[in-house]
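Reviewing the structure listed below.
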Amino acid sequence: MSALWIAVAVWLAAWALNVWLAGRAASRSRLGKMLVPIIFGATVLVLWEGLVRGLNVAPVILPPPSAIAAKIATSLPVLWQDFAQTILKGAIPGFLIGAGAAFVVAIAIDRSPFLQKGLLPVGNFVAALPIVGLAPILVMWFGFDWQSKAAVVVVMVFFPILVNMVAGLQASERMQRDLMATWGASYWQTLVKLRLPAAMPFIFNGLKIASTLALIGAIVAEFFGSPVYGMGFRISTEVGRLGLDMVWAEIAVAALAGSALYGLVSLIERWVTFWHPSQRH
Amino acid sequence: MKDTQAGAPVIEAKGLNLVFQTADGPVQALKDVNLTVNRGDFVSFIGPSGCGKTTFLRCIAALEHPTGGTLTVNGMSPDEARRKRAYGYVFQAAGLYPWRTIAGNIKLPLEIMGFDKAEQDRRVSQVLELVELKGFGKKFPWQLSGGMQQRASIARALAFDADILLMDEPFGALDEIVRDRLNEETLKLWARTEKTIGFVTHSIPEAVYLSTKIVVMSPRPGRITDIIDSPLPKERPLDIRDSREFIEIAHRVREGLRAGHHED
């Protein structure tokens, strides 16, 4: 039981430390801003470790973080192979293809009211299909390898980006479009110089939603057939072998990859839409 | 070469009508509007909201299309004039693009019209000086005050050097003090550039102070009730607003506005 009490003591001490830090001017510095969440994260891990050890929780139910870290350290080549298969080959190409397709279709919809009436409902319909129904079909169509995973990701990310971009293209003000008209601007000039820049905050909202969906899609699609590697494959087989520490190791990798992808999109967003009130500092 | 001389007609409206089809049935926005604006005129359109003053300006700019009568700008249809970049338009709000710097905003119409790079830069610095915003070219719009933003939007309308400047309540959202300053600057600008200016306002002192010709309009249906040629000299210090002539013109404008209301 001593591990439990140590964990609780560490938790309370770290809590007090963070409260103290947050009240000081130092917490507004760059270092202070990073220190508080790092202490919090470390506390969660210590508490987790202490609870699991102190209460003798079975590793199948919840392994301690130290066991997960040890598993990660000893299976780096496997984790890297799975990461490359699922994220680098499945999620990211699917995300890029889906985003590119949504971009082109959004402009086509914008050009033609006919497509607006016809394509948006179809997109809506596809988005409403459950992923567990769609994934096996796409695996049948595109094979077991990463191509079918990328296809699932394309389907998943396409609609949120499309809807956001179609909304974004309406975001420019009437006065701004009138101005373009008074200068005799063409459709494409108005699109490139006014409507696309004005749509960027919307487009990035769609991209951020899609970046997490891409990860989910690539992992879940592997449940329905894959080569003998990949994060989804590993999770489903290790669950069957009660290798829960490996499942947690994959979850840790997935969480890191998802955060990194989201962070990257947010970073590009800050750079592109620096002018938007939500990004001005 | 006759039509480039001062005093030649630039904008001519004859029997102009505009009916909007709305959900509540047709609305007569303009009824039988006859007006000639000559080169170098400063024409103000004044009237209560719904009198069609903005609509008339938008017709000149080909942003609205009349349903009856004739309207010519520089002897062409408004649409042709728009494509020939006959005018610069200043809206009530500055409408600067926040992702572009002030200089970038002024450059935008020049990019669209295909001016080369060196010419763009030359014109930007020229108009920035004209509206007294020299040194603010690299700022973004949101870093400037409302008055400065509106001056930047005027610079943008001047950059491609159209003969006609159409201004739709450009200072309506600004406070009295800033408005006075910008009115003075607008007059200076008009004197220096010798442009023809169409100016929509709902302020009687602003209309009388600025204009050589005041067009009084009234609503339901939108129509012209009086056209006043101002006897004030071209040089107008701000305190001209206390002179007798000024007060007399203002009185006549007010009477015209009231007469329009009586007919309701």
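Residues checked against (1) in a helix (DSSP H, G or I); (2) under 30 Å from residue B:170 (Cα atoms):
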position	(1), (2)
A:167	yes, yes
A:178	yes, yes
A:198	yes, yes
A:209	yes, no
A:217	yes, no
A:227	no, no
- prompt: Taking the stated definitions as given, is residue B:133 assigned to a loop (DSSP other than H, G, I, E, B) and surrounded by 21 or more Cβ atoms within 10 Å (Cβ to Cβ)?
  reply: yes
- prompt: For residue A:199, are the conditions met, namely being within 14 Å of chain B (Cβ to nearest Cβ) and farther than 24 Å from residue A:151 by Cα?
  reply: yes
- prompt: In region A:214-221, is there at least one residue being away from chain B (no Cβ under 14 Å), out of contact with any strand residue (DSSP E or B) (no Cβ under 6 Å at 6 or more places or on another chain), under 20 Å from residue A:158 (Cβ atoms) and not hydrophobic (A, V, I, L, M, F, W, C)?
  reply: yes
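Considering each of B:64, B:129, B:80, B:111 in turn, give the residue that is in contact (Cβ under 8 Å) with a residue 24 or more places away in the chain and among the charged types (D, E, K, R).
Numbers: B:129 fails: in contact (Cβ under 8 Å) with a residue 24 or more places away in the chain; B:80 fails: in contact (Cβ under 8 Å) with a residue 24 or more places away in the chain; B:111 fails: in contact (Cβ under 8 Å) with a residue 24 or more places away in the chain.
One residue alone meets the criteria, B:64.
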task: Return a yes/no flag: does region B:80-91 have any residue that is in contact with a strand residue (DSSP E or B) (Cβ under 9 Å, 6 or more places away or on another chain), more than 15 Å from residue A:179 (Cα to Cα) and in the same structural domain as residue B:191 (by TED's automatic domain parsing).
output: yes
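Given the criterion in contact with a Gly (Cβ under 9 Å, 6 or more places away or on another chain), buried (at least 21 other Cβ atoms within 10 Å of the Cβ) and at pLDDT 85 or above, identify the matching residue among B:42, B:91.
Values: B:91 fails: in contact with a Gly (Cβ under 9 Å, 6 or more places away or on another chain).
Just one listed residue meets the conditions, B:42.
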- prompt: Quick one: would you say residue A:163 is within 14 Å of chain B (Cβ to nearest Cβ), aliphatic (A, V, I, L, M) and under 17 Å from residue A:108 (Cβ atoms)?
  reply: no
field: Residue list for region A:241-281, restricted to those being modelled with pLDDT under 90 and among the small types (Gly, Ala, Ser)
entry: A:243, A:278
query: Since residue B:41 meets every condition but one in (1) touching a residue at least 60 places away in the same chain (Cβ under 8 Å); (2) assigned by TED's automatic domain parsing to the domain that holds residue B:129; (3) not small (Gly, Ala, Ser), which condition does it not meet?
result: (2)
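Going through region A:166-175 one residue at a time, which ones are within 34 Å of the chain's Cα centre (by Cα), facing chain B (nearest Cβ under 10 Å) and not small (Gly, Ala, Ser)? Show your work before the answer.
Step one: filter region A:166-175 for residues within 34 Å of the chain's Cα centre (by Cα), giving A:166-173.
Those left that are additionally facing chain B (nearest Cβ under 10 Å): A:172-173.
Correct list: A:173 only.
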- prompt: Looking at residue A:234, is it under 17 Å from residue A:87 (Cβ atoms) and either touching a helix residue (DSSP H, G or I) at 6+ places or on another chain (Cβ under 7 Å) or assigned to a helix (DSSP H, G or I) (or both)?
  reply: yes
Condition broken by residue B:76, with the remaining ones in (1) away from chain A (no Cβ under 14 Å); (2) more than 16 Å from the chain's Cα centre (by Cα); (3) of a type outside the set (Val, Ile, Thr) satisfied: (1)
message: Checking residue A:180 against (1) in contact (Cβ under 8 Å) with a residue 24 or more places away in the chain; (2) buried (at least 21 other Cβ atoms within 10 Å of the Cβ); (3) under 30 Å from residue B:88 (Cβ atoms): exactly one of these is not met. Which one?
response: (1)
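Of all residues in region B:79-119 being among the acidic types (Asp, Glu) and within 12 Å of another protein chain (Cβ to nearest Cβ), which is farthest from residue A:201 (Cα to Cα)?
Looking only at region B:79-119, we keep the residues that are among the acidic types (Asp, Glu), and these are B:79-80, B:111, B:116, B:119.
Retained after the next criterion (residues that are within 12 Å of another protein chain (Cβ to nearest Cβ)): B:79-80, B:111.
On the way: B:79: 34, B:80: 36, B:111: 24 Å.
It comes out as B:80.
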message: Please return the ranges of helices (runs of 4 or more DSSP H) entirely within region B:147-264 where 3 or more residues are surrounded by fewer than 18 Cβ atoms within 10 Å (Cβ to Cβ).
response: B:176-193, B:244-262
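The values are calculated or read from the model by the stated rules, or taken from the named source; none is laboratory data. All values reported here derive from a predicted model rather than from experimental measurement. No Cβ is skipped: glycine too gets one built from the backbone with ideal geometry, and neighbour counts run over all protein chains shown.
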